[in-house]
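A short worksheet on the structure shown next.
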Number of protein chains: 2
Amino acid sequence: MTARILVVDDVPANVRLLAARLSAEFYEVASASSGPEALVKAASWNPDIILLDVMMPGMDGYEVCRELKRDKATAHIPVVMVTALNDRQERIRGLEAGADDFLSKPVDDATLFARLRALLRVKQVEDAWRMRAEAARELGLSEPADAAASTAGAFAVVVPGTEADRGVLADILAREGMTVEEANGQEDALALLADRDADLIILGLGPDGVQSLRFASRLRADSVLRDVPLLLVADQAQKPLVLRGFDLGANDHVLRPVDPAELLARVRNQVRRRRTQEMLRADLDRSLELAVTDSLTGLRNRRYAMRHLDGLMRSSGATAMLIDVDRFKSINDRFGHAAGDAVLREIADRLRAHVRAADLVARIGGEEFLVVAAGTSGETGVCVAERLRQVVAERPVQIPDGEIPVTVSIGIAEARPGTRADMLLRRADDALYRAKENGRNRVEAAPPEPS
Amino acid sequence: MTARILVVDDVPANVRLLAARLSAEFYEVASASSGPEALVKAASWNPDIILLDVMMPGMDGYEVCRELKRDKATAHIPVVMVTALNDRQERIRGLEAGADDFLSKPVDDATLFARLRALLRVKQVEDAWRMRAEAARELGLSEPADAAASTAGAFAVVVPGTEADRGVLADILAREGMTVEEANGQEDALALLADRDADLIILGLGPDGVQSLRFASRLRADSVLRDVPLLLVADQAQKPLVLRGFDLGANDHVLRPVDPAELLARVRNQVRRRRTQEMLRADLDRSLELAVTDSLTGLRNRRYAMRHLDGLMRSSGATAMLIDVDRFKSINDRFGHAAGDAVLREIADRLRAHVRAADLVARIGGEEFLVVAAGTSGETGVCVAERLRQVVAERPVQIPDGEIPVTVSIGIAEARPGTRADMLLRRADDALYRAKENGRNRVEAAPPEPS
């Protein structure tokens, strides 16, 4: 897949060289020759990846990276820092500034393109989520995600590749406050991953690196594990296998002997990225939930109830109970709207506490609730309704200024499998009307359907 | 990226050969030796791609493909048909059965892996959408998408690569009932694509194929055009460029001389896939909209109004109008709930018709509406409120059994930039109370904020 790459370097010859190589691989390239220019281009040109030189006069690469990651508009763009030195301290500084990876000059093509492909693959999926999450945010459905997701409480599975990996890798993560399980072989790793959602997998390449890559591939082919960050640990001599691993879907790597600070910096970046992604997804799920939730009581809303009623009745038949608060208007008039709301919330809580988890409880009108118990019939339905009437009537609702005695009237109707939902509700409504006529605070059942 | 590949062939040696090659590239492989077995494995093993032999005893590849595409559980899995013959008729039959691509035996590795990568890339993004759309569907927020998306009314942009392409390609599509624009060079193509959302781009490779690929890459690097299916047209000798094109993000290809039936079959598949994807996205957008929409009136709901009020007031100050239907309870009691609903809908329509597009109109309670006019103050606000009062009172609401005269009372309050939303609403509520006290069907304004 192609992409837009922003090359940042103060030496024109470096820019030209890198741009030519990227361009030969059909990437779209733009360049910037200083930190400030890079910040402007990153915001305006919308690159997919930024290749960022570390050593620049004025604002250096670290500072540029920190700025890019601080700004909401550019924080999601992967940054690869390019440095003349293969220096451990520099790498860690870069990672801590939020860089997504590090390349040492001279950059060889195989490494460069393998890293670009890996970063782009992750970004492409993330972009889709981000767009949707932003749509939800614009509608006011969710708050902006907290960018500073941390590694605290993260869960990692470590699959050692050599005796040297054993204990050591897990220890480094555990000291960071993460929960770590060290797997005893690949099957054990899969069992651990099936047990609990992991935020990270660390896979040590064994002496037979190909066999380790086969396991990496297996993790990537699994639709659930596919999105868990995968970090490879390998010997210097296994560098070609690592590049292959990137193409299979690995997200990052460290070389042995493992530097604890570097491992942690890379782990932190991966876990943070994973958590941001999870937040975007959760945001979207929550937004969808809101569409079927009554905001006052937290019960399902009318929209949800009407859509699901047919499904509930199709298979098993059901009993519907229409529950209306008695003289609700006068509660509002006497105690005010806030008290009225408190009454509705309290009734919702009591109803919810006294039906089965599988039953539908919804607020379908101002002071009207609907309970549908699937697979319930006759006597049982009436008993349930009677219990619901009692749990409302038995003690008044507490409000800050005192208490309000409340009762409900309930109309109940039973449906055989396949009955239409609107017919069922009409019969329940008629029964409710009679309950009101007959003095309120009572349950009336509709006569059985004509057969 | 790796994936699960289901290999279907009745000849065990063929299966072994293909499985070994895929496995060497770290793909996960399962196999089936007959059509019925393939259908079972496709549903249970959840492959990412199916490589399907055409010639099998009993149920042949075409039939298997049709079955796979008919079943909702497997319709989204790309199917690549593998045939011994490079026969035009066979190719078209396969494409019409819904196959996503065709490979001729003996299958060379470069072609095989380039195609797999291209199909997987598309599937990965699609999977993300499908999951979310299914979540929305389970909540009852959207109906299952119609799988039989057609090419009718589809819009394609054709970029001829040679004189031979000119007119010919566009003609073939136009005869199928698609709207086609033939671009006069690449810049013209970009202009056409910026003008109108395309369902398909056909790019003919010119004599300088690399230059054409550079254009393909440019299309793929554009965040809007990235998802529009891209079909390459090339000479037999340009096959290596086509494979490169797949890696850049092209979705399909035909070779010159172009066979109209084959081009159409491939175009149909691509457009259908695109439209299904669009439907999934639109579904999701609609679901999000529902979360902020009042289902009775179609106005924004209370949730939306409360979240956006602060934003509206932050910059410019605003005038809030709380609008309450007079004696609504008695309308419900005298004419029934259905008539009450009709009244609320009619009032919503009249309010919407008499405010500016940028103003917020929401139903925030049973019979209570909120209008917020940003940047409006003093006299103007009162004028607007007075007009809204009049458009409700001036003619009765028509219902099937007659008509219902309706009036509203309006409380209005003005806020300076930075005022808190809840304070503004409280002042509007006090004004509304006075409007009711003073005889209803009138507008009362809150006294100015103490400064």
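The values are calculated or read from the model by the stated rules, or taken from the named source; none is laboratory data. Only a predicted model underlies this, so the values are computations on that prediction, with no experimental measurement involved. A quick note on method: Cβ atoms are made from the backbone with ideal geometry, for glycine too, and the neighbour counts reach across all protein chains shown. Ligands, DNA and RNA are excluded from the accessible area calculation, which covers all protein heavy atoms including side chains. Shrake-Rupley method; radii C 1.70, N 1.55, O 1.52, S 1.80 Å.
Which one is nearest to the other protein chains (Cβ to nearest Cβ) among residues in segment B:330-340 that are farther than 23 Å from B:Gln390 by Cβ and surrounded by fewer than 14 Cβ atoms within 10 Å (Cβ to Cβ)?
B:His337
Kindly indicate the residue of segment B:293-309 that is polar (S, T, N, Q) and without any contact (Cβ under 8 Å) to a residue 40 or more places away in the chain and also farthest from the other protein chains (Cβ to nearest Cβ) among those meeting that condition. Walk me through how you get there before you give the answer.
Just the residues of segment B:293-309 that are polar (S, T, N, Q), to begin with: B:293, B:295, B:297, B:301.
Now narrow it down to the ones that are without any contact (Cβ under 8 Å) to a residue 40 or more places away in the chain: B:293, B:295.
On the way: B:Thr293: 8, B:Ser295: 5 Å.
Per the criteria, the residue is B:Thr293.
May I ask you to list the residues in segment A:81-117 that are assigned to a loop (DSSP other than H, G, I, E, B) and within 31 Å of the chain's Cα centre (by Cα)? Show your work before the answer.
The first filter runs over segment A:81-117 and keeps only residues assigned to a loop (DSSP other than H, G, I, E, B), leaving A:84-87, A:97-100, A:105-108.
If the condition is that a residue be assigned to a loop (DSSP other than H, G, I, E, B) and within 31 Å of the chain's Cα centre (by Cα), then A:Ala97, A:Gly98, A:Ala99, A:Asp100 are the ones that fit.
Kindly list the number of the only condition in (1) open to solvent by 10 Å² or more (accessible area, probe 1.4 Å); (2) within 23 Å of B:Asn332 (Cα to Cα) that fails for A:His354.
(2)
Would you mind listing the strands (runs of 3 or more DSSP E) fully within segment B:179-281 where at least 1 residues are within 14 Å of another protein chain (Cβ to nearest Cβ) and either within 28 Å of the chain's Cα centre (by Cα) or more than 19 Å from B:Asp101 (Cβ to Cβ) (or both)?
The qualifying strands (runs of 3 or more DSSP E) are B:200-204, B:230-234.
Any residue at all in segment A:172-185 that is open to solvent by less than 50 Å² (accessible area, probe 1.4 Å) and among the hydroxyl-bearing types (Ser, Thr, Tyr)?
Within segment A:172-185, not a single residue is open to solvent by less than 50 Å² (accessible area, probe 1.4 Å) and among the hydroxyl-bearing types (Ser, Thr, Tyr).
Going by the structure shown, is B:Pro417 without any contact (Cβ under 8 Å) to a residue 24 or more places away in the chain, touching a helix residue (DSSP H, G or I) at 6+ places or on another chain (Cβ under 9 Å) and assigned by TED's automatic domain parsing to the domain that holds B:Ala318?
When the stated conditions are applied, B:Pro417 does not pass them.
Pick from A:Arg363, A:Arg327: which is open to solvent by 30 Å² or more (accessible area, probe 1.4 Å) and touching an Asp or Glu at 6+ places or on another chain (Cβ under 8 Å)?
From the options A:Arg363, A:Arg327, the qualifying one is A:Arg363.
Mind checking which residues of segment A:297-309 are open to solvent by 30 Å² or more (accessible area, probe 1.4 Å) and in a strand (DSSP E or B)?
Listed by number, the list holds a single entry, A:Arg300.
Of A:Arg273, A:Arg244, A:Arg268, which residue is under 30 Å from B:Glu289 (Cα atoms) and open to solvent by 10 Å² or more (accessible area, probe 1.4 Å)?
When all the criteria are applied, what remains is A:Arg273.
Does segment B:222-241 include one or more residues that are surrounded by 18 or more Cβ atoms within 10 Å (Cβ to Cβ), modelled with pLDDT under 95 and hydroxyl-bearing (Ser, Thr, Tyr)?
No, segment B:222-241 has no match at all.
Can you tell which of B:Arg440, B:Arg434 is in contact (Cβ under 8 Å) with a residue 12 or more places away in the chain, open to solvent by 20 Å² or more (accessible area, probe 1.4 Å) and part of a helix (DSSP H, G or I)? Explain how you work it out, then say what you get.
Numbers: B:Arg440 fails: part of a helix (DSSP H, G or I).
The match here is B:Arg434.
Only one residue in A:Ala133, A:Ala128 is in contact with a Phe, Trp or Tyr (Cβ under 8 Å, 6 or more places away or on another chain) and either within 14 Å of another protein chain (Cβ to nearest Cβ) or closer than 24 Å to B:Arg130 by Cα (or both), so which one is that?
Answer to the selection: A:Ala128.
Looking only at residues that are in a helix (DSSP H, G or I) and modelled with pLDDT under 95 in segment A:392-427, which one is nearest to A:Pro447 (Cα to Cα)?
Pass one, segment A:392-427, residues in a helix (DSSP H, G or I): A:392-393, A:421-427.
Among the residues that remain, those that are also modelled with pLDDT under 95 are: A:421-427.
Numbers: A:Ala421: 16, A:Asp422: 16, A:Met423: 13, A:Leu424: 11, A:Leu425: 13, A:Arg426: 12, A:Arg427: 8 Å.
Per the criteria, the residue is A:Arg427.
Give A:Val79, A:Val54, A:Val125 a once-over and let me know the one that is surrounded by 18 or more Cβ atoms within 10 Å (Cβ to Cβ), among the β-branched types (Val, Ile, Thr) and touching a residue at least 40 places away in the same chain (Cβ under 8 Å).
Result of the check over A:Val79, A:Val54, A:Val125: A:Val54.
Only one of B:Ser23, B:Ser44 is open to solvent by 10 Å² or more (accessible area, probe 1.4 Å), within 14 Å of another protein chain (Cβ to nearest Cβ), at pLDDT below 95 and farther than 28 Å from A:Asn251 by Cα. Can you tell me which? Let's see the steps before the verdict.
Details: B:Ser23 fails: farther than 28 Å from A:Asn251 by Cα.
Result of the check over B:Ser23, B:Ser44: B:Ser44.
Touching a residue at least 12 places away in the same chain (Cβ under 8 Å), open to solvent by less than 60 Å² (accessible area, probe 1.4 Å) and either more than 7 Å from every other protein chain (Cβ to nearest Cβ) or among the basic types (Lys, Arg) (or both): which single residue out of A:Leu290, A:Leu312 fits that description?
Testing whether each residue is touching a residue at least 12 places away in the same chain (Cβ under 8 Å), open to solvent by less than 60 Å² (accessible area, probe 1.4 Å) and either more than 7 Å from every other protein chain (Cβ to nearest Cβ) or among the basic types (Lys, Arg) (or both) leaves just A:Leu312.
State the number of residues belonging to segment B:151-179 that are in contact with a Gly (Cβ under 9 Å, 6 or more places away or on another chain) and small (Gly, Ala, Ser).
6
Among the aliphatic types (A, V, I, L, M), more than 14 Å from chain B (Cβ to nearest Cβ) and open to solvent by 70 Å² or more (accessible area, probe 1.4 Å), is that true of A:Val168?
Yes; evaluated as a whole, the condition is true for this residue.
Just one of A:Leu17, A:Leu52 is part of a strand (DSSP E or B), more than 14 Å from every other protein chain (Cβ to nearest Cβ) and under 30 Å from A:Leu255 (Cα atoms); which is it? Full working, then the answer.
Values: A:Leu17 fails: part of a strand (DSSP E or B).
Testing whether each residue is part of a strand (DSSP E or B), more than 14 Å from every other protein chain (Cβ to nearest Cβ) and under 30 Å from A:Leu255 (Cα atoms) leaves just A:Leu52.
Condition check: within 28 Å of A:Ala118 (Cβ to Cβ) and buried (at least 19 other Cβ atoms within 10 Å of the Cβ). Does B:Phe102 satisfy that?
Values: within 28 Å of A:Ala118 (Cβ to Cβ): no; buried (at least 19 other Cβ atoms within 10 Å of the Cβ): yes.
Considered against the rule, which asks whether it is within 28 Å of A:Ala118 (Cβ to Cβ) and buried (at least 19 other Cβ atoms within 10 Å of the Cβ), B:Phe102 comes out as no.
Please go through segment B:186-204 and give me each residue that is under 19 Å from B:Pro260 (Cβ atoms) and either open to solvent by 30 Å² or more (accessible area, probe 1.4 Å) or among the aliphatic types (A, V, I, L, M) (or both), ordered by number.
B:Leu200, B:Ile201, B:Ile202, B:Leu203
Out of segment A:144-167, which residues are among the aliphatic types (A, V, I, L, M) and either assigned to a loop (DSSP other than H, G, I, E, B) or modelled with pLDDT under 95 (or both)?
Result: A:Ala145, A:Ala147, A:Ala148, A:Ala149, A:Ala152, A:Ala154, A:Ala164.
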